[in-house]
Amino acid sequence: GEDVEQSLFLSVREGDSSVINCTYTDSSSTYLYWYKQEPGAGLQLLTYIFSNMDMKQDQRLTVLLNKKDKHLSLRIADTQTGDSAIYFCAEILPGGSYIPTFGRGTSLIVHP
Amino acid sequence: GAGVSQSPSNKVTEKGKDVELRCDPISGHTALYWYRQRLGQGLEFLIYFQGNSAPDKSGLPSDRFSAERTGESVSTLTIQRTQQEDSAVYLCASSDRGTTEAFFGQGTRLTVV
């Protein structure tokens with residue numbers, strides 16, 4: 001399978017915006033996801049975007065997709081300490097099996 | 001149940017022993033996935049069940065790993081002759097046919113000593 005790449009750490013101040021980036025290498029990916037994992041918990045789906053879209057907004061979350069560069073980003077506006085977690089980017093390839101392939105995750109640390 | 005349930009939540013075992021990890025998916029979900037998450041690593045796909053189709057076992061790292069699923073309900077992941085490198089959090093997820101959102105359990109933290 002193809003690899004999904006993410007930076008490992010991001011540190012921001014409370015109230016600032018956070019931007020978490022992801023690159024994927026398979027241009028035929030149909031769905032792209034952002035999951036959040038809080039300490040000691042499983043993964044929770046935050047948002048997803050279809051490959052035929054280039055932007056999706058959901059309250060404080062904005063997802064941008066650049067298919068040409070195979071780049072996906074998650075922007076969190078007005079970041080709060082409760083947003084501190086690991087954020088995983090994931091893709092689903094076409095073919096019907098719907099098996100998400102995950103990146104290594106980005107640890108977001110929000111300072112008060 | 002209300003969510004995906006995994007048991008045990010923590011398991012410490014001696015090297016060489018066999019372990020069984022259990023996953024109860026959300027009722028009615030036809031798809032079930034097992035992933036492994038090593039410390040500081042991403043999620044590594046292990047196996048995928050979809051309804052009555054043959055499972056996709058392409059992610060199992062060795063023949064010491066196997067998994068079963070009873071119909072569209074409980075799944076058991078078995079690791080035989082455990083090794084220290086098997087230490088990880090094992091995550092189970094389920095999803096409904098026709099949707100792509102996978103719901104995850106809280107995982108089983110396996111420590112091989």
Could you please let me know if B:Q37 is modelled with pLDDT under 95 and touching a Lys or Arg at 6+ places or on another chain (Cβ under 9 Å)?
-> no
Determine if the range B:98-113 includes at least one residue that is of a type in the set (A, V, I, L, M), crowded, with 18+ Cβ neighbours inside 10 Å and under 11 Å from the mean Cα position of the chain (by Cα).
-> no
Reported set for the range B:36-64 where residues are in contact with a Phe, Trp or Tyr (Cβ under 9 Å, 6 or more places away or on another chain), farther than 18 Å from A:D3 by Cα and more than 10 Å from chain A (Cβ to nearest Cβ) is B:F49, B:P55, B:K57
Counting only residues that are in a loop (DSSP other than H, G, I, E, B) and within 14 Å of chain A (Cβ to nearest Cβ), the range B:98-113 contains a total of 8
Which of the following residues is hydrophobic (A, V, I, L, M, F, W, C), in contact with a Pro (Cβ under 7 Å, 6 or more places away or on another chain) and at pLDDT below 95: A:I49, A:I92, A:I99?
-> A:I92
Quick one: is B:G16 touching a residue at least 40 places away in the same chain (Cβ under 8 Å), surrounded by fewer than 18 Cβ atoms within 10 Å (Cβ to Cβ) and more than 10 Å from every other protein chain (Cβ to nearest Cβ)?
-> yes
In the range A:25-40, is there at least one residue being touching a Leu at 6+ places or on another chain (Cβ under 9 Å), farther than 30 Å from B:K57 by Cβ and in a strand (DSSP E or B)?
-> no
Scanning the range B:61-85 for residues that are of a type in the set (S, T, N, Q) and either in contact with a Ser or Thr (Cβ under 7 Å, 6 or more places away or on another chain) or assigned to a loop (DSSP other than H, G, I, E, B) (or both) gives B:S62, B:S66, B:T70, B:S73, B:T78, B:Q80, B:T82, B:Q83
Options B:S95, B:S87, B:S27, B:S73; residue that is among the hydroxyl-bearing types (S, T, Y) and either crowded, with 21+ Cβ neighbours inside 10 Å or within 13 Å of another protein chain (Cβ to nearest Cβ) (or both) | B:S95
Within the range A:86-103, track down each residue that is in a loop (DSSP other than H, G, I, E, B), facing another protein chain (nearest Cβ under 7 Å) and either surrounded by fewer than 20 Cβ atoms within 10 Å (Cβ to Cβ) or hydrophobic (A, V, I, L, M, F, W, C) (or both).
-> A:S97, A:I99
Assess whether A:L74 counts as being more than 11 Å from chain B (Cβ to nearest Cβ), buried (at least 16 other Cβ atoms within 10 Å of the Cβ) and over 12 Å from the mean Cα position of the chain (by Cα).
-> no
Odd one out for A:S73 among (1) at pLDDT 95 or above; (2) outside any strand (DSSP E or B); (3) among the small types (G, A, S) = (2)
Which numbered condition A:T62 fails, given (1) closer than 21 Å to A:I92 by Cα; (2) within 14 Å of chain B (Cβ to nearest Cβ) = (2)
Is it the case that some residue within the range A:26-34 is in contact with a Lys or Arg (Cβ under 7 Å, 6 or more places away or on another chain) and within 30 Å of B:D56 (Cβ to Cβ)?
-> yes
Residue match in the range B:64-71 (condition: within 11 Å of the chain's Cα centre (by Cα) and within 20 Å of A:Y35 (Cβ to Cβ)) | no
(1) more than 9 Å from every other protein chain (Cβ to nearest Cβ); (2) surrounded by 17 or more Cβ atoms within 10 Å (Cβ to Cβ); (3) not in a loop (DSSP other than H, G, I, E, B): which one isn't true of B:Y33, the others all being true?
-> (1)
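The values are calculated or read from the model by the stated rules, or taken from the named source; none is laboratory data. Fair warning: this is a prediction, and the values are worked out from it, not measured in the lab. Cβ coordinates were reconstructed from backbone atoms using ideal geometry, including for glycine residues, and neighbour counts include every protein chain displayed.
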